[in-house]
1. What are the extents of the Cα atoms of region 1-143 along their three principal axes, in Å, largest first?
2. Tell me which aspartates and glutamates have Cα within less than 13 Å of LYS179's Cα, excluding those fewer than 8 residues away on the same chain?
3. How large is the Rg to Rh ratio of the chain when both quantities use alpha carbon positions and Rh follows Kirkwood?
4. Please give the length that would be gained between ARG316 and ARG146 if that part of the chain were fully extended, namely 0.36 nm times their separation in residues minus their C-alpha to C-alpha distance (nm, one decimal).
5. How big is the antiparallel share of DSSP beta bridges in the chain, given as a percent to the nearest 5?
6. Can you tell me how much longer the chain between ASP130 and ASP254 gets when fully stretched, taken as 0.36 nm per residue apart minus their C-alpha distance, in nm with one decimal?
7. Can you give the extra length, in nm with one decimal, that the chain gains between ALA20 and SER99 once fully stretched, where that is 0.36 nm per residue apart less the Cα-Cα distance?
8. Starting from the exponent 0.38 and prefactor 2.2 Å, build the expected Rg for region 134-188 from its residue count and divide its actual Cα Rg by it.
Amino acid sequence: MQGFSGLRDKVSVVGVGTTAYGNFPDMDEYGLAAEAFRNAVADCGLDKGAVDGLLTCRIPSYYRMGEVLGLDPRWTITLPGHGRMSGIGLIEATIALTSGQAKYVALLYANIGRSRRVFYGGGEMPGHWDPWGFTSPGGAHAMMFRRHMELYGTTTRQLAEVSVAFRSHAQLNPGAVMKEAMTIDDHENSRPIVAPLRLFDYCLINDGAVCLILTTSERAADLAKPPVRISGFSGREAYRNSSIENFHIDFWHDQVSASGDEAFAMAGVEPADVDALMCYDNFSPTVLFSLEGLGFSPRGEGGRFVEGGALKLGGRLPTNTDGGHLSNSYMQGWALNVEAVRQLRGECGDRQVEDCEVVTYVQATPCTRTIVYTRA
């Protein structure tokens with residue numbers, strides 16, 4: 001994505017809004033998304049009529065969503081309900097804004113997976129290509145982590161550091177779902193789901209919604225909150241192992257590395273400049289893979305890197321400071337990008353990273369994306 005280097009700092013996030021997360025059987029995707037949209041518009045002080053771009057994800061009908069919100073946008077895109085779509089959506093909206101296709105884009109994500117008992121993988125997607133009969137994302141990540149253990153000597157106690165750090169952040173987040181304290185021993189004693197992964201290695205499926213509003217950095221100066229700039233971004237795909245859901249034999253290392261290198265170069269920063277990391281954590285091993293791919297840790301040493309609370313506030317690299325997918329809620333990457341914005345605005349209260357100026361979002365998935373946010 002080196003051709004996008006001229007887009008550095010051209011687009012900013014100006015409004016963010018979320019709903020509560022939990023079990024809301026009386027709400028549907030449209031009601032939740034409308035609440036998040038209302039909160040995001042209020043956050044930036046924008047008249048909703050100015051929104052002329054609409055991106056929807058995991059919402060059944062983009063045109064019904066537009067009707068619910070009372071919008072007739074110039075630019076619309078709808079994305080499938082995969083977590084990897086959050087990074088893709090933010091980059092697509094950035095390109096739309098810089099090319100003049102819209103002036104203000106609202107990105108909306110909603111999930112009713114908990115109240116409707118949605119099962120991820122397997123029967124969730126009828127007709128899904130699964131020649132090996134293996135559609136469990138959790139099972140695929142368990143296989144990858146077992147390989148990491150065998151290759152590099154990584155242990156489940158090291159992996160537990162990820163879940164423990166994120167739970168400590170959730171305890172500081174009033175909106176997080178999981179607040180009970182967790183220790184490494186608690187992680188090790190939790191029930192196995194797919195060995196070697198246990199209960200606390202899995203994300204939390206909940207109902208909820210997220211909205212981000214983007215515009216050009218020039219227009220952003222006129223709105224209520226300090227803009228957060230999208231300073232760098234890049235991506236790589238890995239489709240050659242797609243027949244096993246979310247499995248990659250080399251942990252997406254080359255894809256994360258290339259994506260990170262290009263995003264950092266575009267932003268004019270290095271990994272050492274990153275004050276906080278928002279890391280897609282559908283399962284805890286993904287965090288180790290991401291740390292290694294981005295160069296925060298040497299390859300194979302992610303387990304050693306996270307020891308001793310390195311990912312906690314005050315540690316070497318505060319990560320998923322809202323509690324992440326493991327303890328806040330699984331909003332499939334969207335809420336992590338909201339947390340990046342709130343950190344750079346200095347709005348996170350007890351979980352605020354001191355002097356936060358650079359935050360990176362990364363998703364190590366078959367569609368890897370890296371986004372670098374900076375404080376204006």
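1. 46, 44, 23
2. ASP322
3. Numbers: Rg = 19.2 Å, Rh = 20.4 Å.
Ratio of gyration radius to Kirkwood radius for the chain: 0.94.
4. Numbers: separation 170, 0.36 × 170 = 61.20 nm, distance 2.59 nm.
Once the chain is fully extended between ARG316 and ARG146, it gains 58.6 nm.
5. Numbers: 38 of 53 bridges.
Of all bridge pairs located within the chain, approximately 70 percent are antiparallel.
6. Numbers: separation 124, 0.36 × 124 = 44.64 nm, distance 2.47 nm.
Gain on stretching ASP130 to ASP254: 42.2 nm.
7. Values: separation 79, 0.36 × 79 = 28.44 nm, distance 3.43 nm.
Fully extending the segment from ALA20 to SER99 adds 25.0 nm.
8. Expressed relative to 2.2 N^0.38 Å, the Cα Rg reads 1.36.
The values are calculated or read from the model by the stated rules, or taken from the named source; none is laboratory data. The shown structure was predicted, so the numbers you read here are calculated from the model rather than taken from an experiment. Counting neighbours? That spans all protein chains shown, and the Cβs are built from the backbone with ideal geometry, glycine included. The area values use the complete protein model at the heavy-atom level, side chains included, leaving out ligands, DNA and RNA. Shrake-Rupley method; radii C 1.70, N 1.55, O 1.52, S 1.80 Å.
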